[in-house]
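J.: Quick one: structure below, then a few questions.
The values are calculated or read from the model by the stated rules, or taken from the named source; none is laboratory data. Owing to the predicted nature of the structure, the values given are computational and were not obtained by experimental measurement. Don't worry about glycine lacking a Cβ; one is built from the backbone with ideal geometry, like all the others, and counts go over all protein chains shown. Protein only, heavy atoms only, side chains kept; ligands, DNA and RNA dropped before computing areas. Shrake-Rupley method; radii C 1.70, N 1.55, O 1.52, S 1.80 Å.
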Amino acid sequence: MSLFNLRLSEVHNRLHHRDLSVAELVEASLARIGETDGDIGAFLTLDEAGARAQAKALDDAAGPERGLLFGLPAGIKDNIVTEGLRTTCASQFLSNYDPIYDATVVQKLKDAQSVTVGKLNMDEFAMGGSNENSSFHVTRNPWDKDRVPGGSSGGSAASVAAGQVYFSLGSDTGGSIRQPAAYCGIVGLKPTYGLVSRYGLVAFASSLDQIGPLTKNVEDAAYVLQAIAGHDPRDTTSANVSIPDYASALTGDAKGLKIGVPKEYLGEGIDPQVKARVMEALRVFESMGAVWEEISLPHTDYAIATYYLLASSEASSNLARFDGVRYGVRADNPDNLLELYKRSRSEGFGPEVKRRIMLGTYALSSGYYDAYYKKAQQVRTLIKRDFDQAFEKYDLIIGPTAPTTAFRIGEQVGDPLTMYLNDICTIPVSLAGVPAISVPCGLADGLPVGLQIIGKPFDESTVLRAAHAYEGQTEHHQLRPALT
Amino acid sequence: MSITVKDVEHVANLARLTLSEAEKEQFAGQLNAILKYAEKLNGLDTTGIEPTSHVLPLANVMRDDEPRESLPLEKALRNAPDEEDGQFKVPAVLE
């Protein structure tokens, strides 16, 4: 899709000179989805009529004042509510859910004048790293259709990689934007916890969830972040910080940046080819005048256990709202209220969601709270301190996004613990709440590898600056899967 | 410490889930494996370490106690599986 390989500034230039209309962009998106989504399965709900109406409204009304993302076709992960457009969280429980309001980020995209073309597949309630936990269908990786796109924002990543949309929104709790971006060879940014409003994001683990962009290059990520960041009184965990001009950070210069490279992210379990791509990327940073050295984040080995206790506990509490009373699919003919709850939930939730609710309920239950939940919260403090200490000395921390490239569909389904271990490089970052981006850093056996660049809290500008400078020295981000 | 099928039944009831016999067996095995893995946290001394519930320095965000527009009834009930007279309808709670 040649239109979607254009940079945002070029698209806007052509729109401005009337060489291109929003309608043409949207038709190109819908045509590409029509050609490719039978194989890829990125979308759960398409809104062709709505997208065409939005395009017409933008073309008709276009004056000199244009939104930051004017006319760009976008896909939204299906755990972000869109008024009047079905939102399922890829769960049978919400298969008929018709949201009564827009998430703050969706309203902000409307203000920025992008065009929502539909809702993207994911692991059910964002629980998973492969999209195999969608209760509707599996999404396939555009680089190799026998492989997973990653998850949980797998549809968001696959859709951008396949050239179906210009950008997408995903959500990241333990790596759910960065890992699928890495597996699909695109850019994915998890902002600092609290930078982007979670109002209207169906909650999985409230102390970790964060919405962010998936794009084909760093510049686009900066623009989408600009459009969605900012304090929101409707999200009490939204941070009241001033939002810088992210694009002005994109100087192409990485000179003088001090980079720490955690030995724990390049040790046992990391594919040698992934490690090789990361080392090559570090040499690119060296050539630009940045300096790096090996560091230690000593509590990394405890992060996955900490995460699965905390995230599952929070999930078990958050998902208590799905009771079959006010929305969602209710079980047929329950005898009494208790049976209504139990059967609606048991019939509506898939196995991974039940497993995490069970784990979280157990960890929070009487007699186990101190041993599991409180202990994990204390270890979280130690993990966060690792980052605080590293950032006293370094501007950025760099490593791989995931230990391997995309695995085969079905390969890890029976073994939840092995699946969880895929998140070793992304979960510590989520627990610390700091921002991180995944950018393409080459291929291993024909599959994309992601480089993770991690920054200080609310210092997205330096993360974007480094990612953009790296991208400018390489051509990895221009590689596209050979989709027929 | 090992989770039995009986423990699984107890937790499932707390979580308002009904599990099949096969699911109970499967979850007992998987939860044991995950919790065994989580036991590695016990190797860390966390005496005196403050728990982190979330990373922002925020507590008790308040707004002024002034009435605001609330959700219209039609919207609130739009997704109701069953409703009557402007209310969510459920099976009888009392005999």
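J.: Counting other Cβ atoms within 10 Å, keep those with at most 16, restrict to DSSP loop, and tell me which trypsin sites (Lys or Arg not before Pro) in region B:1-66 are left.
T.: The qualifying sites are B:63.
J.: Moving on to the next point. Placing +1 at every Lys and Arg Cβ and -1 at every Asp and Glu Cβ, with all other atoms neutral, what dipole size does chain A have around its Cα centre, in debye to the nearest 20?
T.: 520
J.: OK, next. Please identify the helices of chain A, taking whole runs of DSSP H, that span at least 18 Å along their own axis as judged from the Cα atoms and have a mean Kyte-Doolittle score of 0.0 or higher.
T.: A:22-40, A:303-318
J.: What percentages make up the Cα-Cα pair-distance distribution of region A:27-129 when the bins are 5 Å wide from 0?
T.: 3, 13, 22, 23, 20, 13, 5, 2, 1
J.: Spelling out what I want: for every residue of region A:431-437, take phi, set θ = phi - 60°, compute 6.51 cos²θ - 1.76 cosθ + 1.60 (Karplus), and round to whole Hz; glycine and proline get x.
T.: Going residue by residue, I get 5, 7, x, 8, x, 7, 10 Hz, with x marking Gly and Pro.
J.: Right, next: How high is the relative contact order of chain A, in percent, with contacts defined as C-alpha pairs under 8 Å that are six or more residues apart?
T.: 18
J.: Quick check: at a probe of 1.4 Å, how many percent of the accessible area of chain A sits on carbon and sulfur atoms?
T.: The value for chain A is 47 percent carbon and sulfur by accessible area.
J.: List the residues of region B:16-32 that lose 20 Å² or more of accessible area once all protein chains are present, compared with their chain alone (1.4 Å probe, heavy atoms only, no ligands or nucleic acids).
T.: Checking the loss per residue gives B:16, B:17, B:18, B:23, B:27, B:30, B:31.
J.: Here is a follow-up. Please calculate how many Å² of accessible area region A:348-484 carries per residue, with a 1.4 Å probe and no DNA, RNA or ligand atoms counted.
T.: On a per-residue basis, region A:348-484 sits at 32 Å².
J.: Please give the total accessible area that chains B and A bury against each other, computed with a 1.4 Å probe and expressed in Å² to the nearest 100.
T.: Adding both sides of the contact gives about 5300 Å².
J.: From the helices alone, meaning DSSP H stretches of at least four residues, give me the mean residue ellipticity at 222 nm for chain A, per-run term -39500 (n - 2.57), in deg cm²/dmol to the nearest 500.
T.: Theoretical 222 nm ellipticity from helices: -11500 deg cm²/dmol.
J.: Using modelled backbone amide H atoms (1.01 Å from N, in-plane), which distant-in-sequence or interchain residues come within less than 5 Å of residue A:297's amide H?
T.: Those lying under 5 Å, H to H, from residue A:297 are A:263, A:264.
J.: Something else: Which whole-angstrom value gives the distance between the alpha carbon centres of region B:1-44 and region A:63-118?
T.: Taking the Cα centre of region A:63-118 as reference, the centre of region B:1-44 is 38 Å away.
J.: For the pair residue A:98/residue B:64, report the inter-label distance in nm, with labels modelled 7 Å from Cα in the Cβ direction.
T.: Distance between label points: 3.7 nm.
J.: What is the calculated FRET efficiency for residue A:61 to residue A:31, with r their C-beta to C-beta distance and R₀ = 35 Å, to the nearest 0.05?
T.: Step by step, r from the Cβ atoms, then E = 0.90.
J.: With 39 Å as the cut-off, how large is the P(r) tail for chain A, expressed as percent of Cα-Cα pairs?
T.: Tail of the P(r) past 39 Å holds 16 percent of the pairs.
J.: I would also like to ask the following. Could you give me the ³J(HN,Hα) list for region A:245-253, computed from phi with Karplus coefficients 6.51, -1.76, 1.60 and θ = phi - 60°, whole Hz, x at Gly and Pro?
T.: My calculation for region A:245-253 gives 7, 5, 4, 5, 6, 8, 8, x, 10 Hz in order.
J.: Could you tell me how far the Cα centroid of region A:158-219 sits from the Cα centroid of region A:260-293, in Å?
T.: Each part's Cα centre sits 23 Å from the other's.
J.: Shifting gears a bit: Viscosity 0.890 mPa s, temperature 25 °C: give me the Stokes-Einstein translational D for region A:325-484 in µm²/s, with Rh taken as the Kirkwood radius over C-alpha pairs.
T.: Stokes-Einstein gives a translational diffusion coefficient of 125 µm²/s.
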